[in-house]
Amino acid sequence: MDFRLSEEHIFLQSTIRTFVSRECPRESINLQDEDNAFPVELLAKLGSMGLCALNLPEVYGGGGQDLLGTSLVIEEIAAMSPVLAGLFANTVLYGGQVIAAMGTSEQHERWLPQIGEGKLVFGCHPMSASGIEAYQDQAGYILNGTTPLISLLEHADFLIVSAGLDVGDDRQIACFVVPANADGVHLRRSDMVGWRGAGSGTIYLEDVHVGVENILGGPGGSNQGETQVEAIKAIQHLAEAAIKVGLAQGAIDYTANYASERAQFGRPIVSFEAIEHMLVDLTVDLHSTRWLLRHACWKADQDLPYAFEAASACLQALNLSRQAGLKSVHILGGYGYMAEYDAERYFRDSLVLYSVNEGSVLLKSEIGRLAGLRRRGRATGHSGFRTG
């Protein structure tokens with residue numbers, strides 16, 4: 001196997017690193033965290049660079065599916081600003097990737113151009129925890145219900161939700177694209193100890209009317225919900241894994257730099273075995289988790305089953321980011337608890353990533369299902385989806 005990144009991916013990685021160093025200085029990100037502000041203007045800049053069109057068909061300015069390239073961009077951004085990385089992921093994956101792969105040609109024309117320019121944000125609730133019901137009437141569908149805590153909810157222009165649907169004696173699942181400003185959509189924001197500025201919260205839908213044109217995949221998509229949910233869950237796991245890997249990288253880099261500059265007993269503290277070994281353990285875990293994520297992305301881009309690898313990468317990255325945040329505070333000692341040092345921000349953000357959407361318990365249950373541990377035989381996973 002060839003583990004090298006392509007020249008295009010290396011150039012993409014270099015481009016986004018330059019962008020982050022220029023547009024996301026550490027002082028600015030810390031100020032946004034302190035003010036609970038949201039870096040929405042940076043999304044438009046990413047759009048102007050063509051990065052929001054990464055997974056769109058060529059006719060809309062993209063080059064087709066490139067989940068590996070997208071994960072590289074998310075990682076680089078998340079090392080400094082997980083919130084901005086989440087905003088980018090929502091736009092490019094929950095918006096562009098999902099609509100391009102599952103939407104109708106009319107839905108493509110309606111949403112993809114603005115997504116590619118970074119002008120539309122899509123929110124996607126955890127597909128394994130839907131509490132929404134849909135009822136059909138003469139004009140379309142009426143949605144009622146609520147969802148768990150969702151990140152970046154307050155800033156979304158559209159929401160992708162799955163809902164239970166009774167069709168005769170059958171029980172089906174359908175996915176809907178719901179305007180966030182539609183009548184009956186209520187968003188309750190929740191201020192959290194980390195992930196500040198993300199506008200996370202809970203959705204309450206009360207008699208929200210959507211037309212058949214807002215069914216993901218059009219009217220014929222009402223019986224495609226289960227397949228769509230499985231595919232969206234896989235892409236959620238890839239996105240979350242990339243954010244967590246990036247956060248861990250940022251925490252490790254920050255802590256290693258501090259340990260190289262901080263001196264005790266006449267030498268840098270990184271030269272002490274206990275400190276060095278903590279950083280070595282984190283670095284090894286980061287390396288293995290990143291390759292698990294890249295393997296999942298490669299399989300997705302090859303249209304091979306990747307749901308198991310995506311969920312596994314998400315679980316590994318979840319534990320990695322939590323340990324990276326915790327060890328950063330530990331190595332900095334008393335300074336790790338001070339707001340002027342980034343260690344406490346990385347730690348707070350890692351805790352939110354651990355609890356929001358899917359924690360380790362749900363992920364392990366999902367991995368067990370995909371691995372076929374509850375029955376004999378081997379699972380094949382989901383084949384993913386392609387665009388273009």
_Name the single residue that is nearest to Q97 (Cα to Cα) among those in the stretch 189-230 being touching a Gly at 6+ places or on another chain (Cβ under 6 Å) and in a loop (DSSP other than H, G, I, E, B)._
Q224
*Run T255 past the list (1) closer than 30 Å to Q65 by Cα; (2) open to solvent by less than 10 Å² (accessible area, probe 1.4 Å); (3) among the hydroxyl-bearing types (S, T, Y) and report the number of the one that doesn't hold.*
(1)
*asked:* Given the criterion assigned to a helix (DSSP H, G or I) and touching a Leu at 6+ places or on another chain (Cβ under 9 Å), identify the matching residue among L12, L56.
replied: L12
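What residue, of A182, A174, is closer than 15 Å to G123 by Cβ and among the aliphatic types (A, V, I, L, M)? Can you show your working first?
Values: A174 fails: closer than 15 Å to G123 by Cβ.
Answer to the check: A182.
Quick check on my filter: what residues within the stretch 16-37 are more than 18 Å from L72 (Cα to Cα) and either hydrophobic (A, V, I, L, M, F, W, C) or not in a helix (DSSP H, G or I) (or both)? It would help to see each step written out before you state the result.
Start the filter on the stretch 16-37 by keeping residues that are more than 18 Å from L72 (Cα to Cα), which leaves 25-37.
Once the filter is applied, which keeps residues that are more than 18 Å from L72 (Cα to Cα) and either hydrophobic (A, V, I, L, M, F, W, C) or not in a helix (DSSP H, G or I) (or both), the stretch 16-37 yields P25, I29, L31, N36, A37.
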*Answer yes if at least one residue in the stretch 278-291 is in contact with a Gly (Cβ under 7 Å, 6 or more places away or on another chain), part of a helix (DSSP H, G or I) and either open to solvent by less than 60 Å² (accessible area, probe 1.4 Å) or in contact (Cβ under 8 Å) with a residue 40 or more places away in the chain (or both), and no otherwise.*
no
*asked:* Let me spell it out: the conditions are (1) under 17 Å from the mean Cα position of the chain (by Cα); (2) closer than 13 Å to H237 by Cβ; (3) at pLDDT 95 or above; (4) open to solvent by 10 Å² or more (accessible area, probe 1.4 Å), and A317 meets all of them except one. Which number is the exception?
replied: (4)
*Total residues in the stretch 179-208, condition loosely packed, with under 15 Cβ neighbours inside 10 Å and touching a Lys or Arg at 6+ places or on another chain (Cβ under 9 Å)*: 1
*Which numbered condition S350 misses (of (1) in contact with a Phe, Trp or Tyr (Cβ under 6 Å, 6 or more places away or on another chain); (2) modelled with pLDDT under 95)*: (1)
*Search the stretch 30-54 for residues that are in contact (Cβ under 8 Å) with a residue 40 or more places away in the chain and on the phi > 0 side of the Ramachandran plot and pair each with any residue that is open to solvent by less than 30 Å² (accessible area, probe 1.4 Å) and in a loop (DSSP other than H, G, I, E, B) when their beta-carbon atoms are under 7 Å apart and the residues are at least 6 apart or on different chains.*
N36/G197
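The values are calculated or read from the model by the stated rules, or taken from the named source; none is laboratory data. Please read all numbers here as calculations on a predicted model, not as lab measurements. Glycine gets a Cβ as well: all are built from the backbone with ideal geometry, and neighbour counts include every protein chain shown. The area values use the complete protein model at the heavy-atom level, side chains included, leaving out ligands, DNA and RNA. Shrake-Rupley method; radii C 1.70, N 1.55, O 1.52, S 1.80 Å.
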